[in-house]
Amino acid sequence: MNDREAELISRCRQGDQDALKEIFDQYHKKVYRIAYGVVRHREDALDVVQEVFIKLFRSIKNFKGKSAFYTYLYRLAMNTAIDHSRKKKKTAFLSLDQEGGFQPSDGYEKRPDHIAAQKELEGKVRWAIDQLPQDQKATLIYREIEELSYQEIAGAMGCSVGTVMSRLHYGRKKLQDLLKDMVKGREGE
Amino acid sequence: MKKRTPLLILVLTLFFAFPPMAPAQVQTRLRVIEASNVGGVIDPSLKDLHGQLGSLFRYTSYRLLRDERLNLSSNQPASVPIHEGRSIEITQVGLQANRVELRVRIRRDGADLLNTQVRLSPGRTVLIGGPKHGEGVVILALSANF
Amino acid sequence: MKDSCSSISQLLERYFDRQATDEERSLVERHLPVCQTCHKRLRALEGLRKAIKTPVDEALKEETFPWVWEKIEREIRLGKKPSWQESVRSWLDLSPISRKKVWIPAVVTGIILILVASPLLFFKKPPSYLERSVVEYVESGVYNVMVYESEKAKVTVIWLFEGPQNESPAS
């Protein structure tokens, strides 16, 4: 942890919201990536981001500095996103009339059935990720989305590199079985 | 007798001004459509929906599987089998001059796959679609006659 | 290290994750052009990563995070409840408002604004049924649902997405 980060954390502990804003500016996109990787839904991902930084501010005193700050934040983001994704299946409402919304003269990309097909694909990936045990899910998200090294993932999850590799291997195997049709299609690309 | 006559006239006036209402009914049309990209035929009986279907979806073929006209009385569900062991149950839960509220449930083996409540007005169509059917998907088209 | 398919396939994921040593990497890169099986496995790993990662990248590209920080700030502020005296004091900020030059014109302006705004506030026509959504509620324990509405085309679409598994309705 560098000095700047240590200073921000110390100020956060004293209730300095400007310090939290700096941390937010630096990390909110990374937190969003983790959140979206789990929940696969824009509004839910934004809710998770909001929740993570509120929790961070309220629990920063629990961070002892034994690990890197980002691993503490990533763990918080992952746990919050996983908790959020346990909620019921979502319904999305869209207007066909609003500015930027679908119009009959629009191209294929904006037509409801194409958007529906895209969302269905998203839904399948989300469903498949949801089938994984929590540890495999988190390991895959850290690796595939945040591209953390095995060492960094081990630090974030409090396990060995060997365990990280094992979770990745079995997680990928299970996802490939669940998403057979989708992954097969991409093999030819 | 003389004293009762005005009262009798009043009662009769009220009776004929506000006659007892027959249970309110609304005729709802349900069409079950198979939409696919096999062939390029649009069922002639879907002429009135052609414009809407064509602008919303890129399917090339629309085949009418069922066409039901249901006279729905308040809170009396009507059930219609649709496809693959599923049925649709429609109940009129509210009726005004230019608006009807329908509860729509898609059911299978006695359990709900979908439960929704929609408000139909003159000219309004509700399309419920997406589940796979044959080479395409099934779309249910609901509208009401006022 | 033996350059056989079984030993290479154990290294494949490390190679794919760019966590292999230099020696391991060159072993894999020598093996791949001559082994369809390992080549296919690598493609499958790439396909899987693309399926997981691409939607996230695209979502982030378009995301502007509207009002997220403001909501966080507000939530934190609401979490700390000041005493009623502090609230009144901070709202009034007594020193300037205690002067007649300030509060008499302020009160008069307020009254005028209320008189002008009240017909709009209290006699506002309730939205006609056409302005409200056609769909009152929609529930499904089986499908993901999207609702599209168009007042212009007078059509509402309720689109259902099936899960990859067979339907198991939640009764």
Step through the residues of region C:14-25 one at a time and calculate ³J(HN,Hα) from phi using the Karplus curve (6.51 cos²θ - 1.76 cosθ + 1.60, θ = phi - 60°), rounding each to whole Hz and writing x for Gly and Pro.
5, 5, 4, 8, 6, 10, 7, 6, 4, 5, 4, 4
Amide H contacts under 5 Å for B:L95, placed H, 5+ residues apart:
B:E101
Once both labels are modelled 7 Å past Cα along the beta-carbon direction, what's the B:D48-C:E46 spacing in nm?
5.4
Pull up all non-local amide H partners of B:A24: gap of 5 or more, or a different chain, and H-to-H distance under 5 Å with H placed in the peptide plane.
B:S74
Sort out for me the Cα centre separation of region A:137-177 from region B:102-135, rounded to whole Å.
42
Footprinting exposure proxy for A:Y70, C:Y143 (fewest neighbouring C-beta atoms within 10 Å first)
A:Y70, C:Y143
Mind pulling the per residue volume of the convex hull built on the Cα atoms of region A:1-92? Å³ is fine.
89
Under 5 Å, built H, 5+ apart or other chain: amide partners of B:H133
B:V138
Go through A:K29/A:K137; A:K66/A:K137; A:K174/C:K61; A:K30/A:K64; A:K29/C:K154 and tell me which ones have a Cα-Cα distance over 31 Å in this structure.
A:K29/C:K154
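None of the figures in this text is laboratory data; all of them are computed from the coordinates on show. What you see is a predicted model; the values in this text were computed from it and never measured. Using ideal geometry, Cβ is built from the backbone for each residue, glycine included, and neighbour counts are taken over all protein chains shown.
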